[in-house]
Amino acid sequence: MIALIALLLAATQPPPAITDTSFVAPDGARTLQQSIVIDAPVPVLWKAFTDAAEFQRWSAPVAAIDLKTGGSLEATYDDKHAIGDPDNIRHRIVTYLPNRLIVFQNTNAPAGLPGRELFKQVVAVLEYEALAPNRTRVTLSQTGWGNDPASDTLYRFFQGGNAASLARMKRVYEAAPAPAGR
């Protein structure tokens with residue numbers, strides 16, 4: 001719970017390096033879309049989200065990733081939890097294109113997440129765009145947001161949380177390359 005509170009506090013204001021291109025479609029459907037440019041090559045940042053040890057470097061201290069269509073990503077911000085804990089975050093990997101795109105959808109969120117059941121309607125798209133050999137734009141888009149007060153609260157939570165996560169990825173991968181052997 002302490003980790004969730006810390007994430008909530010970090011989620012209150014996006015860092016200035018985040019570009020927010022969120023939009024509302026003509027039918028009223030909202031897309032939360034944020035990106036960041038990181039001075040690291042696409043393959044390194046791809047591995048940051050597809051290799052459990054790398055994911056643990058910048059995101060969550062406990063993680064397991066089964067990278068395949070229909071596979072899963074499971075993680076927790078609470079290092080006292082283990083893989084399989086019923087309160088862990090779980091996503092189903094819908095599909096992916098190596099070094100370009102990952103599409104995933106939540107199947108379980110922590111009990112403390114406001115609107116956790118609504119989050120199962122949201123589909124996330126993570127895109128990698130090489131701007132130069134050692135410079136990548138990482139864009140995280142989420143579709144499927146409802147238009148009710150509970151969905152608004154959840155949307156705002158992820159607006160700040162996603163920005164904080166992208167900024168953390170930038171800090172980690174620009175500070176030092178991945179350790180050898182990973």
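Residue under question is Ala40, and the condition is that it be crowded, with 17+ Cβ neighbours inside 10 Å, of a type in the set (Gly, Ala, Ser) and closer than 18 Å to Gln105 by Cβ; does it hold?
The answer is no for Ala40.
Looking at the stretch 63-79 only, could you name the residues that are crowded, with 20+ Cβ neighbours inside 10 Å and either in contact with a His (Cβ under 8 Å, 6 or more places away or on another chain) or among the acidic types (Asp, Glu) (or both)?
Leu73, Glu74
Just give me the residues in the stretch 121-137 being surrounded by 16 or more Cβ atoms within 10 Å (Cβ to Cβ) and closer than 16 Å to Ser35 by Cα, in sequence order.
Ala124, Val125, Leu126, Glu127, Tyr128, Thr136, Arg137 - these are the residues of the stretch 121-137 that are surrounded by 16 or more Cβ atoms within 10 Å (Cβ to Cβ) and closer than 16 Å to Ser35 by Cα.
Are there any pairs, at least 6 apart or on different chains, whose C-beta atoms fall under 7 Å, with the first in the stretch 58-81 and charged (D, E, K, R) and the second surrounded by 16 or more Cβ atoms within 10 Å (Cβ to Cβ) and at pLDDT below 95, and if so, which?
Partner pairs satisfying both residue conditions: Asp78/Ala3.
Of the conditions (1) crowded, with 17+ Cβ neighbours inside 10 Å; (2) on the phi > 0 side of the Ramachandran plot, Gln33 clears all except one; give me its number.
(2)
I want to confirm something. Restricting to the stretch 102-120 and keeping residues that are of a type in the set (D, E, K, R) and assigned to a loop (DSSP other than H, G, I, E, B), which single residue is nearest to Ser35 (Cα to Cα)?
Residues of the stretch 102-120 of a type in the set (D, E, K, R): 116-117, 120.
Now restrict to residues that are assigned to a loop (DSSP other than H, G, I, E, B): 116-117.
Numbers: Arg116: 24, Glu117: 26 Å.
Here the residue is Arg116.
Mind counting the residues in the stretch 50-62 that are within 13 Å of the chain's Cα centre (by Cα) and closer than 19 Å to Asp85 by Cβ?
Qualifying residue count, the stretch 50-62: 4.
Can you tell me which of Leu140, Leu118 is surrounded by 13 or more Cβ atoms within 10 Å (Cβ to Cβ), under 13 Å from the mean Cα position of the chain (by Cα) and closer than 25 Å to Ala29 by Cα?
Leu140
Tally the residues that are basic (Lys, Arg) and in contact with a Phe, Trp or Tyr (Cβ under 6 Å, 6 or more places away or on another chain), restricting the search to the stretch 101-133. Spell out the reasoning first.
Looking only at the stretch 101-133, we keep the residues that are basic (Lys, Arg), and these are 116, 120.
Of the ones still in play, those that are also in contact with a Phe, Trp or Tyr (Cβ under 6 Å, 6 or more places away or on another chain) are none.
Qualifying residue count for the region: 0.
The values are calculated or read from the model by the stated rules, or taken from the named source; none is laboratory data. Nothing here was measured: the structure is a model prediction, and the numbers come from that model. Virtual Cβ from ideal backbone geometry, glycine too; neighbours counted across all protein chains shown.
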